[in-house]
Amino acid sequence: MKLTAEQLAKFEEEGYIFLPECFSPEEVEVLRTEAEGIYHSDRKEVWREKSGAPRTAFAAHTYNEAFRILGAHPRLIEPVEQFFGEQLYMHQYKINAKAAFDGEVWQWHQDYGTWARDDGMPNPRAMNISVFIDEVMPINGPLMLIPRSHKHGTLAAGHDKQTTSYPLWTLEHDTVSRLVDEGGIVAPTGKPGSVLMFHGNLVHGSAGNITPYPRKIVYLTLNSVSNYIRKPTRPEWIAHQDFAPIQTVPDDALLDYARSHRLAAE
């Protein structure tokens, strides 16, 4: 999947692009089923809210076949390779839950700020590309982005270890207000299978989810192979240290897996 010149220009200017319904309902359904199974496991990679509800599941591509295929899918890998002009490796892989009723806030932050401070990533030549596993609606805690905030570079941040179960390098309210005055706030919403691609320095966050509608999103953090992390401080299943370039699977690999999975269950 290649981006058009217009899409590349929009990404450069706004810091993100939204690609609706890139994956079929059949492909998404198997991912949703597998994600629920992972959330119900007692693996160390599953991080939970203070309530016990799942918050995020790390490194699913290393122990689940459906997510392994997704992590090497050309619809996700090729656009980022196109943008950076080189091969990629998987820096981080997570399935964020935003559980119904109990999904907590993700404070305003930049992803690259964490990758630089905690992992020793030299430059913001990495980004998240995400896949909606549930429908993301205005009411169930969508990701909120501040357009053009990536142009301000890596901003000063404090290490918040108290607000939620997940420690995060967060921004001061005054900084967020100034950026919003300049760029506003957008919250991309859409059907399962939609894809959101955003710059590592784009400021973003999300409110809690008090609705009955879960909001699962898979995030692939793809890093340029030349930009591998130098001083990791986090466990390998959070910040990966296998810097081998990702070899993509055939475009129909996830669909084939979904169909074989369905037949096996019948």
*asked:* For a quick check of your reading of the model, give me the residue pairs whose first member lies in the stretch 91-110 and is among the hydroxyl-bearing types (Ser, Thr, Tyr), whose second is at pLDDT 90 or above and in a loop (DSSP other than H, G, I, E, B), with beta-carbon atoms closer than 7 Å and at least 6 apart or on different chains.
replied: 93/59; 93/71
*So, in the stretch 76-125, of the ones that are open to solvent by less than 10 Å² (accessible area, probe 1.4 Å) and among the charged types (D, E, K, R), which residue ends up farthest from residue 141 (Cα to Cα)?*
119
*For residue 72, work out the one condition from (1) surrounded by 20 or more Cβ atoms within 10 Å (Cβ to Cβ); (2) modelled with pLDDT of 95 or more; (3) not β-branched (Val, Ile, Thr) it doesn't fulfil.*
(1)
*asked:* Yes or no: the stretch 221-236 includes at least one residue that is more than 30 Å from residue 172 (Cβ to Cβ) and open to solvent by less than 20 Å² (accessible area, probe 1.4 Å).
replied: no
*Quick one: which residue in 216, 151, 191 is within 16 Å of residue 55 (Cα to Cα) and not aromatic (Phe, Trp, Tyr)?*
216
_Candidates 86, 45 - the one that is under 17 Å from residue 200 (Cβ atoms) and acidic (Asp, Glu)_ = 86
*Determine which member of the set 194, 226, 206 is of a type in the set (Gly, Ala, Ser), farther than 23 Å from residue 143 by Cβ and out of contact with any His (no Cβ under 9 Å at 6 or more places or on another chain).*
226
*Give the number of residues within the stretch 126-160 that are farther than 16 Å from residue 200 by Cβ, modelled with pLDDT under 95, open to solvent by 20 Å² or more (accessible area, probe 1.4 Å) and in contact with a Lys or Arg (Cβ under 9 Å, 6 or more places away or on another chain).*
1
*Being in a helix (DSSP H, G or I) and of a type in the set (Ser, Thr, Tyr) is the filter here, so list the residues in the stretch 50-84 that pass it.*
62
*Give just the number: which of (1) of a type outside the set (Phe, Trp, Tyr); (2) open to solvent by less than 10 Å² (accessible area, probe 1.4 Å); (3) under 27 Å from residue 228 (Cβ atoms) does residue 62 not satisfy?*
(2)
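Quick test for you: out of 55, 32, pick the one residue that is among the basic types (Lys, Arg) and buried (at least 21 other Cβ atoms within 10 Å of the Cβ).
Working: 32 fails: buried (at least 21 other Cβ atoms within 10 Å of the Cβ).
One residue alone meets the criteria, 55.
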*asked:* Can you confirm whether residue 218 is in contact with a His (Cβ under 9 Å, 6 or more places away or on another chain) and at pLDDT 95 or above?
replied: no
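For residues that are assigned to a loop (DSSP other than H, G, I, E, B), open to solvent by 30 Å² or more (accessible area, probe 1.4 Å) and touching a residue at least 60 places away in the same chain (Cβ under 8 Å), scanning just the stretch 171-217, find the one that is farthest from residue 114 (Cα to Cα). Don't jump to the end; show me each part of the working.
In the first step, residues of the stretch 171-217 are kept if they are assigned to a loop (DSSP other than H, G, I, E, B); the result is 171-172, 184-185, 187-189, 191-194, 200-203, 207-208, 210-216.
With open to solvent by 30 Å² or more (accessible area, probe 1.4 Å) added as a condition, the list becomes 172, 185, 187, 189, 191-192, 207-208, 210, 212-214.
Restricting the remaining residues to those that are touching a residue at least 60 places away in the same chain (Cβ under 8 Å) gives 191-192, 207-208, 210, 212-214.
Numbers: 191: 29, 192: 28, 207: 20, 208: 21, 210: 27, 212: 31, 213: 29, 214: 26 Å.
Of everything passing the filter in the stretch 171-217, 212 is farthest from residue 114 (Cα to Cα).
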*Any idea which of 75, 68, 43 is within 18 Å of residue 256 (Cα to Cα) and without any contact (Cβ under 8 Å) to a residue 24 or more places away in the chain?*
68
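Considering only the stretch 164-176, I want to know if a residue exists there that is in contact with an Asp or Glu (Cβ under 9 Å, 6 or more places away or on another chain) and modelled with pLDDT of 95 or more. Spell out how you get there, then give the answer.
The initial filter retains those residues of the stretch 164-176 that are in contact with an Asp or Glu (Cβ under 9 Å, 6 or more places away or on another chain), namely 164-170.
Still in the list and also modelled with pLDDT of 95 or more: none.
Within the stretch 164-176, not a single residue is in contact with an Asp or Glu (Cβ under 9 Å, 6 or more places away or on another chain) and modelled with pLDDT of 95 or more.
Over 16 Å from residue 239 (Cα atoms), open to solvent by 40 Å² or more (accessible area, probe 1.4 Å) and in a strand (DSSP E or B): is that true of residue 47 in this structure?
On the way: over 16 Å from residue 239 (Cα atoms): no; open to solvent by 40 Å² or more (accessible area, probe 1.4 Å): yes; in a strand (DSSP E or B): yes.
Spelling it out, it is not the case that residue 47 is over 16 Å from residue 239 (Cα atoms), open to solvent by 40 Å² or more (accessible area, probe 1.4 Å) and in a strand (DSSP E or B).
Against the definition (assigned to a strand (DSSP E or B) and more than 13 Å from the chain's Cα centre (by Cα)), how does residue 115 come out, yes or no?
Numbers: assigned to a strand (DSSP E or B): no; more than 13 Å from the chain's Cα centre (by Cα): yes.
Considered against the rule, which asks whether it is assigned to a strand (DSSP E or B) and more than 13 Å from the chain's Cα centre (by Cα), residue 115 comes out as no.
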*Taking the stretch 195-242, which residues are polar (S, T, N, Q) and within 13 Å of the chain's Cα centre (by Cα)?*
206, 221, 223
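The values are calculated or read from the model by the stated rules, or taken from the named source; none is laboratory data. Source: prediction; values computed, not measured. A quick note on method: Cβ atoms are made from the backbone with ideal geometry, for glycine too, and the neighbour counts reach across all protein chains shown. Heavy atoms of the whole protein, side chains included, go into the accessibility calculation; ligands, DNA and RNA do not. Shrake-Rupley method; radii C 1.70, N 1.55, O 1.52, S 1.80 Å.
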